[in-house]
Structure formats: structure tokens, C-alpha cells
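Before any comments, here is the structure.
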Amino acid sequence: MYQYHLFPMLFIFILISFVALWDDMAFKLLGKHKRKKALLLGVANLVAAILIEDFAWFVNRWLMPLADDPKGGKLMQLTDWTSMHLGAIDLGSFVIPNWYLVALAIATLAYYGAFRKHDRVD
């Protein structure tokens, strides 16, 4: 991860992802059940934001390569940092990092939990 990931980007992602939870904590608007749903929504938003930001970085490298970038014009490769920790599925000209699949599963389950029976009145 680069420094812009660790400080401003992660702070922004957390702040925006958990806005419903911060609102409830500040004003006590939601009941306990809704607060859990707000937490699940925050987790789903945070995971989705990290996944989308990472993918967007590689799409930018692919579509608008810098002249001095040796991997410019390519999507994710096995040698990229995003593919190193959990591995990746090789599709020939690019790879899909395994953490993308894990993150997608976590976000999907968290969104499901957050919006399951969302119209129920407590």
C-alpha cells in the first residue's frame, strides 16, 4: 500500500462508509437492531470502496499508461502487489487477485445483512 492509501484514502473511506453509524452514535436515532444494520452497511461500503479504488488504479494504468511505467498498458499481473498476498487467478493477459473474490463475498454478505427485511418496522 502506498502512503496515500494509509492516511487520507483510508480515513475518507472509513468516514464515508460508516456515516449512518456515526449519525446514530451522535444523535441516537436508530434502535439497536438498526444500528447493527448500519454497522453491516458500513463494513460493506468500506470493503467495496477499497476494492473499487484498487481496481480503478489498475484500469488507469491500463488505459492511460505513463511513459516510464514498465507495466503500463497492462491490467493486474502476478507480480503486482495486489496479487502477492493471497495469490491470483491467471487469465492469460491479466489476473484476478483472490482477495477481490474474498472482498466481494464479504461485501455481498454484509449488504445482504444490512438490507434484509429493510422495510420492517421495529
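The values are calculated or read from the model by the stated rules, or taken from the named source; none is laboratory data. Because the structure is predicted, anything quoted here is derived from the model rather than measured. As a convention, Cβ positions derive from the backbone with ideal geometry for all residues, glycine included, and neighbour counts pool all protein chains shown.
Sub-6 Å Cβ pairs linking a first residue in segment 60-73 that is on the phi > 0 side of the Ramachandran plot to a second residue that is at pLDDT 85 or above and surrounded by 11 or more Cβ atoms within 10 Å (Cβ to Cβ), at least 6 apart or interchain, are Gly73/Pro65, ordered by first then second residue. All of Trp99, Trp22 fail the test of being of a type in the set (Phe, Trp, Tyr) and in contact with a strand residue (DSSP E or B) (Cβ under 9 Å, 6 or more places away or on another chain), apart from Trp99. Residues that are modelled with pLDDT of 90 or more, touching a helix residue (DSSP H, G or I) at 6+ places or on another chain (Cβ under 9 Å) and more than 30 Å from His118 (Cβ to Cβ) number at least 3 in none of the helices (runs of 4 or more DSSP H) confined to segment 1-78.
Yes/no per residue for (1) surrounded by 11 or more Cβ atoms within 10 Å (Cβ to Cβ); (2) closer than 20 Å to Glu53 by Cβ; (3) modelled with pLDDT under 95; (4) not basic (Lys, Arg):
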{"site": "Ser83", "(1), (2), (3), (4)": "yes, yes, yes, yes"}
{"site": "Gly92", "(1), (2), (3), (4)": "no, no, yes, yes"}
{"site": "Tyr100", "(1), (2), (3), (4)": "yes, yes, no, yes"}
{"site": "Leu104", "(1), (2), (3), (4)": "yes, yes, no, yes"}
{"site": "Phe115", "(1), (2), (3), (4)": "yes, no, yes, yes"}
{"site": "His118", "(1), (2), (3), (4)": "no, no, yes, yes"}
{"site": "Asp122", "(1), (2), (3), (4)": "no, no, yes, yes"}
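With respect to (1) closer than 21 Å to Leu10 by Cα; (2) assigned to a strand (DSSP E or B), the lone exception for Ile89 is condition (1).
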